[in-house]
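Remarks on the structure that follows.
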Amino acid sequence: MLNEIQQDASERMNKTLASLDSAFSKIRAGRAHPSLLEQIHVDYYGSMVPISQVANISAEDSRTLKVTPWEKDMVAVIEKAIMTSDLGLNPQTMGQVMRIPLPPLTEERRRELVRVVKDEAEQAKVAIRNIRRDANSDFKELLKEKEVSEDEARKAEDNVQKITDDHVKSVEDKLNHKENSLLEI
């Protein structure tokens, strides 16, 4: 029973790290990457769908994204969705292909992105600590119901603390790496 709780906590913490990786991938560090446009949704015959479901997105070079809609009618809709997004991108349409040049990041914008990255990392740490708290309360509940001894519960809490420390350190490492990649010119 204790191992199951520890395993569940570890799996949930791993999912938190995966979510952090996903959030970090959407914050651009000056390089063109198709995941930059993932959060943009377009109107596709009355329903809002991710841009990746109506067009092919690829990195043409380190500073340019290329968007090729699968239907000719979608060119204007996709172009409008990209321009109205909060990414500050201006697509250049040539027939049925859109090229999106990424402007170089200013020092001020880099600092702003570092703040966003730190906030994301802090949210991940809070989520990991909440998972630890949930696991510890499960251990206390088992102890209260006399299903485990105090020593077993204490040992399980120590193990969950070690797992938590490892995951928090991983968040710190990811934060430092992302921060360095944002600040390098």
Toy charge model, Lys and Arg Cβ at +1, Asp and Glu Cβ at -1: the chain dipole around Cα centroid in debye, rounded to 20, equals 660
Among residues other than D166 whose Cβ falls under 12 Å from its Cβ, what is the net charge (Lys/Arg +1, Asp/Glu -1)?
-> 0
What's the angle, to the nearest 10 degrees (0 to 90), between helix 150-183's Cα axis and the longest principal axis of the chain?
-> 20
Taking Lys and Arg as +1 and Asp and Glu as -1, residues besides E60 with C-beta under 14 Å from its C-beta add up to +3
Once log10 I(q)/I(0) by the Debye sum over Cα atoms at q = 0.10, 0.14, 0.15 Å⁻¹ is worked out from the coordinates, which option in (1) -0.37, -0.74, -0.85; (2) -0.57, -0.83, -0.89; (3) -0.46, -0.87, -0.98 does it equal?
-> (2)
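Hey, could you get me the Stokes-Einstein D for region 34-101, Kirkwood radius over alpha-carbon pairs, 37 °C and 0.692 mPa s, rounded to whole µm² s⁻¹?
Values: Rh = 11.7 Å.
D = 280 µm²/s.
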Which one of V75, I40, S19 is farthest out on the positive end of the charge dipole of the chain, using unit charges on Cβ (Lys, Arg +1; Asp, Glu -1) and the Cα centre as origin?
-> V75
So what is the 222 nm mean residue ellipticity for the chain from helices alone, if each DSSP H run of at least 4 adds -39500 (n - 2.57) and you divide by all residues, rounding to the nearest 500 deg cm²/dmol?
-> -20500 deg cm²/dmol
The distance between the Cα centres of region 31-108 and region 118-160, in whole Å, is 43
For R111 and D173 in the same chain, what is the full-extension length gain: residue separation times 0.36 nm, less their Cα-Cα distance, in nm?
-> 20.5 nm
May I ask you to evaluate 6.51 cos²θ - 1.76 cosθ + 1.60, the Karplus curve with θ = phi - 60°, for each residue of region 129-137 and list the ³J(HN,Hα) values in order in whole Hz, giving x for glycine and proline?
-> 5, 5, 5, 4, 4, 4, 5, 5, 5
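Rule-based calculations on the coordinates, nothing more; no lab input. Please read these numbers as outputs of a predicted model, since none were measured by experiment. Please note: Cβ atoms are built from the backbone with ideal geometry, for glycine as well, and neighbour counts cover all protein chains shown.
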